[in-house]
Amino acid sequence: MFRHQHLIRYLFKRELSEIYVSIGLRDLALSMTGIFVPLYLYIDLKYSLTSVMLFFLVYSLAMLFSSPFAGKFVSRYGIKHGILMSMFGFVIYTLLLIVLPYSHMYFLPALIWGVSNSFYWVSFHSDFTKFSDGKNRGQEVSLWFITAYLGILLGPILGSIIITFLGFETLFVIVSLLLLLSAAPLFLSSEFYQKTHFSFKHIFKEFPLKETYIYITMGLRVVVSQAALPIFVFIILNEYISLGAVASIAALGSMIIGFFVGKLSRNEARERTMFRYGALFHSIGWFILFFVKSFVQVAVVNLYLAVSYIFVDIPHHTLVYGEAKKSGKILEYFVYRETMLNIGRVLGILIIILTGKIIVGLIVSAVGLLPWFFL
């Protein structure tokens, strides 16, 4: 039986508690801007849909090619310094978004964003793998998700209110301060170094094709969700606060369900079963998007997508951390994982751009985005 004292024990396990606080603050900050960035480019700055997707293409390519360099940096200077570097990068990225209307540095924010993300995730996953407990990893991952979704619950609605009444510039300044603050808890304990050697030849040769396929397809899903879904929802709702409310409702549902998924994550066989069925039911939600037309329908379907993906995401990360630890090459494993995810992101964006050209007459309406959800 899952007991509440287990959660309390994880919260007071020093290294994990630092990670939980840090990611909660980070996700609060980034969720205040995350779903609004494609809209900032598409609605406020009047960029074409193709230009918005090219922005995400640069972001994805930057993540793809910087992941090995992030691994080298972390191996030499330590995991927490890798996270600190990513936070400084995120701050520069948000400041560049502020000046974007007055400059011609269109792709520079995307480049900085991608590099910062690769530094963060290579470092974060290595840190979590090192300090999580193999027997209770599913519950620890669940608590990570609950903490993260607490930030994501508040972020979109706060972000939408700030945008509506104070504008994007004020939002970006607040987010920058929160990002710097999120790195502070990690330095309450000593630095951790994961010495390793990287080569692309070794990365592609060492790990199984099945995992490579999973990561590529998950990366494709992430970028469609990140780049296309916010535009789709905004076209239907036509209001930032409604969009923020939809995202916050989904985060609340994910946070509640995440607790029970962690309770169920007891062994590898059960985690793999949840992953399979979660992926099946989650995919159905993308087809339901073909029929949504109102705020209530959008909120319900988006909630379904978020909750169903929890049954994929928590078991997936639990299995991933176990595989990374078993490999004996934690940092190298996560460089490989991020590389494959970003190949999926790049493929997804290229397909979006190509299909966008084919259905150019439809992209001004929500209908034009549906083929990407089908994919």
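Taking the criterion of being more than 19 Å from the chain's Cα centre (by Cα) and closer than 13 Å to Glu211 by Cβ, the residues of the stretch 311-332 that qualify are Gly322, Glu323, Ala324, Lys326, Ser327. Tally time: how many residues in the stretch 76-113 are within 19 Å of Ser51 (Cα to Cα) and either touching a residue at least 60 places away in the same chain (Cβ under 8 Å) or aliphatic (A, V, I, L, M) (or both)? Result for the stretch 76-113: 11. Pairing each residue of the stretch 41-53 that is surrounded by 15 or more Cβ atoms within 10 Å (Cβ to Cβ) with any residue that is not in a helix (DSSP H, G or I), provided the two are 6+ apart or on different chains, yields C-beta distances under 6 Å for Leu41/Tyr47; Leu49/Ile363. Taking the criterion of being without any contact (Cβ under 8 Å) to a residue 24 or more places away in the chain and not polar (S, T, N, Q), the only residue of the stretch 230-249 that qualifies is Glu239. Only residues that are charged (D, E, K, R), buried (at least 20 other Cβ atoms within 10 Å of the Cβ) and at pLDDT below 80 were counted across the stretch 218-271, and they come to 0.
Listed conditions (1) among the small types (Gly, Ala, Ser); (2) under 13 Å from the mean Cα position of the chain (by Cα); (3) over 30 Å from Thr355 (Cα atoms) are all met by Ser31, apart from (3).
Conditions (1) β-branched (Val, Ile, Thr); (2) part of a helix (DSSP H, G or I); (3) at negative phi; (4) at pLDDT below 85, marked per residue:
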position	(1), (2), (3), (4)
Asp27	no, yes, yes, yes
Leu41	no, yes, yes, no
Phe55	no, yes, yes, no
Gly71	no, yes, yes, no
Ser75	no, yes, yes, yes
Ser86	no, yes, yes, no
Thr94	yes, yes, yes, yes
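The values are calculated or read from the model by the stated rules, or taken from the named source; none is laboratory data. None of the values given here were measured: they were computed from a predicted structure. Glycine gets a Cβ as well: all are built from the backbone with ideal geometry, and neighbour counts include every protein chain shown.
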